[in-house]
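K.L.:
Let me begin by handing over the structure; questions about it come next.
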Amino acid sequence: MQPPAVPDLAHTHARPVHWLATATAMAGVVALAGLLQPGPAGATAAPAPRPAPDAATARFPLECRGAPSTIAQRATGDLDGDGNPETVAVVHCEAGSGTPPSGIYVLTHGTAAGTPAARVVATLVEPSELKNVTAFAVRDGAVHATLLGYSSPDVPSCCPDEHEQVTWRWKGGVFLRTAKNEARAV
């Protein structure tokens with residue numbers, strides 16, 4: 001007699017114990033898959049924005065000849081659209097009398113170890129421009145200010161004769177300035 005070409009498959013007959021073992025294994029795989037499932041689909045929570053930089057911790061590029069500087073005004077807002085607020089500060093040197101010219105500086109958080117918590121990333125008005133800042137605000141992603149100045153050195157420092165409403169808006173990696181001039185006679 002010739003041996004069959006197919007091996008003996010007598011051991012492949014399923015018994016109830018085999019079905020129970022298979023069902024238990026499948027239940028274990030399904031339970032494990034349920035534990036390892038990703039969370040529900042949808043938007044992930046964005047990281048919370050950082051608080052605005054503290055102007056008191058910044059080093060401003062002012063030459064006060066030994067006198068301290070004063071942060072006269074400050075405002076915060078997201079100027080570059082990254083979701084984190086910047087601080088804008090109006091700063092001038094302290095003076096015994098009169099009103100010294102102001103600088104307007106945009107601050108962000110320092111990045112390197114050993115740097116102050118806030119650092120100047122843009123100067124909107126240099127004190128050398130001899131401007132004083134009156135109305136000042138950050139709103140709608142822009143810096144708004146009213147600048148008072150002098151048309152010539154002959155104008156008394158008590159009575160600025162130039163009045164300019166200025167707006168700076170971040171665009172293309174720089175602050176673009178737009179102005180509405182309103183010159184006034186003394």
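The values are calculated or read from the model by the stated rules, or taken from the named source; none is laboratory data. Worth saying up front: this structure is predicted, and the values here are computed from it rather than measured. For neighbour counting, all protein chains shown are included, and Cβ atoms are generated from backbone atoms with ideal geometry for every residue, glycine included.
K.L.:
Test each condition in (1) surrounded by 15 or more Cβ atoms within 10 Å (Cβ to Cβ); (2) modelled with pLDDT under 95 for Glu182 and report the one that comes out false.
P.N.:
Tallying (1) surrounded by 15 or more Cβ atoms within 10 Å (Cβ to Cβ); (2) modelled with pLDDT under 95, Glu182 fails exactly one: (1).
K.L.:
Continuing with this model, one more query. Could you grab me the full set of residues in segment 142-155 that are of a type outside the set (Val, Ile, Thr) and in contact (Cβ under 8 Å) with a residue 12 or more places away in the chain?
P.N.:
Once the filter is applied, which keeps residues that are of a type outside the set (Val, Ile, Thr) and in contact (Cβ under 8 Å) with a residue 12 or more places away in the chain, segment 142-155 yields Ala142, His144, Ala145, Leu147, Leu148, Gly149, Tyr150, Ser151.
K.L.:
Just to check your reading of the model, which residue among Val121, Val138, Val143, Val133 is at pLDDT 90 or above, within 25 Å of Gln165 (Cβ to Cβ), in contact with a Ser or Thr (Cβ under 8 Å, 6 or more places away or on another chain) and surrounded by fewer than 19 Cβ atoms within 10 Å (Cβ to Cβ)?
P.N.:
Unique residue meeting the criteria: Val121.
K.L.:
When you check Gly114 against the structure, is it farther than 20 Å from Thr70 by Cα, modelled with pLDDT under 90 and touching a strand residue (DSSP E or B) at 6+ places or on another chain (Cβ under 6 Å), yes or no?
P.N.:
The answer is no for Gly114.
K.L.:
Out of the residues in segment 84-111 that are in a strand (DSSP E or B) and not β-branched (Val, Ile, Thr), which is modelled with the lowest pLDDT?
P.N.:
Among those residues, the one meeting the criterion is His109.
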